[in-house]
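Right, one structure below, let's go through it.
The values are calculated or read from the model by the stated rules, or taken from the named source; none is laboratory data. As the structure is a computational prediction, the values presented were derived from the model and not from experiment. FYI the Cβ positions are ideal-geometry reconstructions off the backbone, even for glycines, and counts take in every protein chain you see.
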Amino acid sequence: MAKLARLSLANRGLVALITLITLGFGAYAIPKLRQQLLPPLALPVAVITAQLPSAPPDIVAQQLTTPIEIAAKSVSGAGSVTSVSREAYATVEVAFDYSIPTDDMVSRLQSAVARIAGQLPEGSDPHVSAGSSENVPIMQVSASSTADPRAFTERLRRQVLPKVQGVAGVRGVDLAGGTTDQVRITLDPAKAAAAGVTIAAVSDAVRSNGSATPAGTLTQRNESLSIQVGAALRTVDDVRNLFVAPESRTDGRSDAPAPVRLSSVATVELVPDEVTSLTMDLINQYRAQGMTVHEAVVEGGRRQLRPILMTAVATICALSPMAVGITRSGEFISRPLAIVVIDGLISSTLLTLVLVPTPYAIVEGASERRRAKRRSTVSAAEPTEPALSESHSSG
């Protein structure tokens, strides 16, 4: 990938010309496309999603998936109900008859979920959506900044997303890319071996202490209150102060080993999550670290070659049976759609690897020169203090 980036930067004029031709062809072709190339398809399937941060799959299944499944099965017209419980996330898929309109499916499920809202954990926020080809994003907007990547991502999440979500007619807004933080736990082999702590024990401690666990109910007067033990981990210090249960003793002693604080056998720190999805985000990170435009483009392209190619090749291989007509059902729709997606993946991959570095280097280089010129102008306009000389006379 470094060779491709250098090749693109070495032939800026040719690459810029190809980019302009591609943009011109796209501007000419897009208005001539017809909607019939991708007709709207509404499937009789609705999905209910809910989240329970930091909860393990068994707790998610008990507190989220099971109540939602029971409520979904009671909806009139509902057929098969399937569910998946993952860490901190639950998905329930409900199939309906083709005769039921999409709006009715969503309305019935929303009413059913609203009736059990009091049984679900606080903050689970169940969401009902119906399957349709019209649910794909209609607009993608990119943003960049020379500020700290984490602060910029947080600013987009807190300020920009709520304003876009508030626009009339907008159903949903998602933030992709950017830089987030993650907690990294690095176990010290010597200290862990001396204390009898293993990686599995640390993992179990983090999972079991990262969410509230049901502990029964308490009946008081005419109310039934649920009791939960534990709380979600919110800060790095909460993780450092976790106690880990060591393995059983092997020295013949009958007493149980005392729990060990995690900070005494491991290093717990908050680190930025490595960007693996968008090349521009990674290049901007390298620019913020002090690299030149050329160095950032070459290094970012080299780091992103493998994930970009793996994603494109995996998707193309998955769509190839549809493109050649092996799957017989729905061939009149699936085959043209698969061919369009494969062509789009190939062209977008080439654009990302070859054409994008040159426009980025040209624009960013021009911005750098303007900023340098502005700084030099400000420095030249600052008044300089006159030098003071002291003379001595002898009389």
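Could you please give the count of residues in the stretch 190-210 that are at pLDDT 80 or above and within 30 Å of Arg158 (Cβ to Cβ)? Steps first, please.
Restricting attention to the stretch 190-210, the residues satisfying the condition of being at pLDDT 80 or above are 190-206.
The next check asks that each one be within 30 Å of Arg158 (Cβ to Cβ); those that pass are 206.
Residues in the stretch 190-210 being at pLDDT 80 or above and within 30 Å of Arg158 (Cβ to Cβ): 1 in total.
Working carefully through the options Ala114, Ala78, Ala193, Ala143, find the one that is closer than 30 Å to Asp238 by Cα, outside the structural domain of Gln304 (by TED's automatic domain parsing) and small (Gly, Ala, Ser). It would help to see each step written out before you state the result.
On the way: Ala114 fails: closer than 30 Å to Asp238 by Cα; Ala78 fails: closer than 30 Å to Asp238 by Cα; Ala143 fails: closer than 30 Å to Asp238 by Cα.
Going through Ala114, Ala78, Ala193, Ala143 in turn, the sole match is Ala193.
State yes or no: is Thr19 at pLDDT below 85, within 30 Å of Glu364 (Cβ to Cβ) and surrounded by 12 or more Cβ atoms within 10 Å (Cβ to Cβ)? Let's see the steps before the verdict.
Numbers: at pLDDT below 85: yes; within 30 Å of Glu364 (Cβ to Cβ): yes; surrounded by 12 or more Cβ atoms within 10 Å (Cβ to Cβ): yes.
Criteria met by Thr19.
Assigned to a helix (DSSP H, G or I) and at pLDDT below 75 - does that describe any residue in the stretch 318-330?
So the first thing to find is which residues in the stretch 318-330 are assigned to a helix (DSSP H, G or I), and the list is 318-324.
Still in the running and at pLDDT below 75: none.
No: zero hits.
Kindly indicate whether any position in the stretch 221-229 is under 22 Å from the mean Cα position of the chain (by Cα) and at pLDDT below 75.
Residues of the stretch 221-229 that are under 22 Å from the mean Cα position of the chain (by Cα), as a first pass: none.
Within the stretch 221-229, none of the residues are under 22 Å from the mean Cα position of the chain (by Cα) and at pLDDT below 75.
Go through the stretch 260-297 and report how many residues are in a helix (DSSP H, G or I), aliphatic (A, V, I, L, M) and modelled with pLDDT of 80 or more. Give the steps one after another, and end with the answer.
Within the stretch 260-297, the first condition is being in a helix (DSSP H, G or I), and the residues that meet it are 262-264, 279-288, 293-297.
Filter once more, so that each one left must be aliphatic (A, V, I, L, M): 262, 280, 282-283, 288, 293, 296-297.
Filter again for modelled with pLDDT of 80 or more, leaving 262.
Of the residues in that region, 1 qualify.
For the stretch 363-376, which positions are farther than 28 Å from Thr311 by Cα and either in contact (Cβ under 8 Å) with a residue 60 or more places away in the chain or not in a helix (DSSP H, G or I) (or both)?
Gly365, Glu368
Which condition breaks for Lys73 when tested against (1) at pLDDT 80 or above; (2) assigned by TED's automatic domain parsing to the domain that holds Ile308?
In the conditions (1) at pLDDT 80 or above; (2) assigned by TED's automatic domain parsing to the domain that holds Ile308, Lys73 misses (2) alone.
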